[in-house]
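Undergrad: For reference, the structure I am asking about is given below.
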Amino acid sequence: MRIAIDAHAVGTKLAGNETYIANLIEALAEVDRENRYTLYVTKRQAIERFEGRWPNFSLRRTLPHTPIIRIPLSFVLELKRRPVDLLHVQFTAPPFAPCPIVVTVHDLAFEHLPETFHRRSWMQLRLTVRWTVRRAARIIVPSEYTRRDLIETYGVESERIAVTPPAAAPHFAPI
């Protein structure tokens, strides 16, 4: 399979989102030598971190970093130029992605605690995450709580949701 991963969070210092996607890429590279992966990045730090490390992984830079242009325009054009069988994103997928989508949704804090978000971010997430979840072939969540929240808040069918608790990176092993 040809799998695209939206790795724009790598190099942004976005805490949990960056850690999640970077560790997912590292783990996939360790266990999967058959599928072909294209990592879509926006930051030079991501290129420096991943370029040339694995034979079945390639990098593409999608600009600009701002999601308002990158997600619906430059990212979609890249996916049309270089077709893939599957796209993995966190929270928000391109509205006209030409392939099936797998989305990871860590939580719905923007739905339940909107006051903790900038108004523009809150409005964007409410619209795009709801749309992405409805369109996604599969949804990955880190907990049973988030699975239930997606079912109750968005009416998602439970069979499309996979609970996959995050694992600690190997350097967190007991000494």
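Coordinate-derived values only; no laboratory data. Since this is a predicted model, take the numbers as computed values, not measurements. Every residue, glycine among them, receives a Cβ derived from its backbone with ideal geometry; neighbour counts consider all protein chains shown.
Undergrad: From largest to smallest, what semi-axes in whole angstrom does the chain give when each is the square root of 5 times an eigenvalue of its alpha carbon gyration tensor?
TA: 24, 20, 17
Undergrad: What net charge do the residues around Ile151 carry, taking every other residue with its C-beta under 11 Å from that of Ile151, with Lys and Arg at +1 and Asp and Glu at -1?
TA: -2
Undergrad: Restrict the search to segment 15-52; then list the GluC sites (Glu not before Pro) that DSSP places in a loop and that have at most 11 other Cβ atoms within 10 Å of their Cβ.
TA: When the GluC sites (Glu not before Pro) of segment 15-52 are filtered for loop state and at most 11 Cβ neighbours within 10 Å, Glu34 remain.
Undergrad: What list of ³J(HN,Hα) couplings, whole Hz, do you get for segment 96-110 from phi and the Karplus terms 6.51, -1.76, 1.60, once you set θ to phi - 60° and write x for glycine and proline?
TA: Result, rounded to whole Hz: 10, 4, x, 7, x, 10, 10, 10, 9, 10, 6, 6, 10, 4, 5.
Undergrad: For a Förster distance of 45 Å, can you work out the FRET efficiency between the beta-carbons of Glu157 and Lys13, rounded to the nearest 0.05?
TA: Calculated transfer efficiency: 0.80.
Undergrad: Could you go through segment 61-71 in sequence order and give the Karplus-derived ³J(HN,Hα) for each residue, using 6.51 cos²θ - 1.76 cosθ + 1.60 with θ = phi - 60°, rounded to whole Hz, and x for Gly and Pro?
TA: 9, 10, 10, x, 5, 4, x, 4, 9, 4, 5
Undergrad: So what's the net charge close to Val141: Lys and Arg +1, Asp and Glu -1, counting the other residues with Cβ under 12 Å from its Cβ?
TA: Net charge in that neighbourhood comes out at +1.
Undergrad: Just report the Cα centroid separation between segment 75-103 and segment 39-74, whole Å.
TA: Between the Cα centres of segment 75-103 and segment 39-74 lies a distance of 13 Å.
Undergrad: Rounded to the nearest 0.05, what FRET efficiency is calculated for Arg119 and Glu34 with R0 set to 35 Å and r the Cβ-Cβ distance?
TA: According to the calculation, E is roughly 0.20.
Undergrad: Still on this structure, I have one more. Taking loop as defined by DSSP and a crowding limit of 13 other beta carbons within 10 Å, which chymotrypsin sites (Phe, Trp or Tyr not before Pro) in segment 94-161 fit?
TA: Those satisfying the criteria are Phe96.
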